[in-house]
Amino acid sequence: MSAPAPELSVLLPAFNEEESLPVVWGELRAVLDALARPAEVIFVDDGSADATPGIVRAFRAADPRVRLVRLAANAGLSAALDAGFRRARGQIVVTLDSDLQNDPRDIPRMLASLEGYDAVTGWRQQRDDPWLKRVSSKVANRIRNTITREHVHDSACTLRVIRRGCLPCLPRFRGFHRFVPTLLRLAGCRVLELPVGHRARRFGVSHYGIRNRAFVAFEDLLAVRWMQSRWLRYDASEEP
């Protein structure tokens, strides 16, 4: 017999995060134990070349809540999130980074704020990043809001709490992870932005930078604006 579906599914995409994983799992495990809600934790290995999968296997051996999903090759954050979304069984899906920059201790407050909303997305109000990354992020969010005619403080924060019923109506494409609040609203979901903590990267280097994401992110932005302009909107009813 299959195990009963958990209430929460926590997704952590991971790409070469062997040093961060033991720390983030210790923090997350403490939060989940305190919540005392049935949960599963899905680590999605995005084609790591280090010990990431072996470390997650050790977590799984010690804690039945842990699951491991592996991508055959590095495919990016959007693909890793999609792979996790497709396998999540909980009624509420939580996503966060594995690099320790998101704080798992924000999760209970986000869950409490979900009442009356379909999703709560994090807003890294005080970012602990190098100045160039902070400035580029502010510029990117301003451009996104201008083109999409939205007002989202932090579109790309991975720390999110989403009702699983919203996931089928979330368009998936390479780069969709940068626009989740806008895409959810486009589908008619009620979205709340909530200030969350942000921490400096402790291990390794960032996998994203201005050079490797600026042009493709702008292409994705134009695609989102096209979707907004072409989205089907109508009222219909069937006569008895």
Residue that is over 14 Å from the mean Cα position of the chain (by Cα), surrounded by fewer than 15 Cβ atoms within 10 Å (Cβ to Cβ) and at pLDDT 95 or above, where the choices are Ala39, Ala75, Ala34
Ala34
Matching option when the condition is among the aliphatic types (A, V, I, L, M), surrounded by 13 or more Cβ atoms within 10 Å (Cβ to Cβ), more than 23 Å from Phe15 (Cβ to Cβ) and at pLDDT 80 or above, among Ala223, Ala236:
Ala223
Anything in the stretch 80-139 that is modelled with pLDDT of 90 or more, open to solvent by 80 Å² or more (accessible area, probe 1.4 Å) and not in a loop (DSSP other than H, G, I, E, B)? List them, or say none.
Arg86, Arg87, Arg105, Arg109
Since Arg65 meets every condition but one in (1) in contact (Cβ under 8 Å) with a residue 60 or more places away in the chain; (2) farther than 13 Å from Pro13 by Cβ; (3) among the charged types (D, E, K, R), which condition does it not meet?
(1)
Taking Leu28 and the conditions (1) open to solvent by 10 Å² or more (accessible area, probe 1.4 Å); (2) in contact (Cβ under 8 Å) with a residue 60 or more places away in the chain; (3) not in a loop (DSSP other than H, G, I, E, B), which numbered condition does it fall short on, given that it satisfies the others?
(1)
Criterion first (within 27 Å of Tyr234 (Cβ to Cβ), open to solvent by less than 20 Å² (accessible area, probe 1.4 Å) and in a loop (DSSP other than H, G, I, E, B)) does Val152 satisfy it?
yes
When every residue in the stretch 1-25 that is open to solvent by 10 Å² or more (accessible area, probe 1.4 Å) and touching a Leu at 6+ places or on another chain (Cβ under 7 Å) is compared, the one farthest from Thr95 (Cα to Cα) is Val23
With the condition kept exactly as written, say whether any residue in the stretch 33-48 is farther than 19 Å from Ala83 by Cβ, in a loop (DSSP other than H, G, I, E, B) and touching a residue at least 24 places away in the same chain (Cβ under 8 Å).
yes
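The values are calculated or read from the model by the stated rules, or taken from the named source; none is laboratory data. Only a predicted model underlies this, so the values are computations on that prediction, with no experimental measurement involved. Quick reminder, even Gly has a Cβ in these numbers, built from the backbone with ideal geometry, and neighbours come from all protein chains shown. Ligands, DNA and RNA are excluded from the accessible area calculation, which covers all protein heavy atoms including side chains. Shrake-Rupley method; radii C 1.70, N 1.55, O 1.52, S 1.80 Å.
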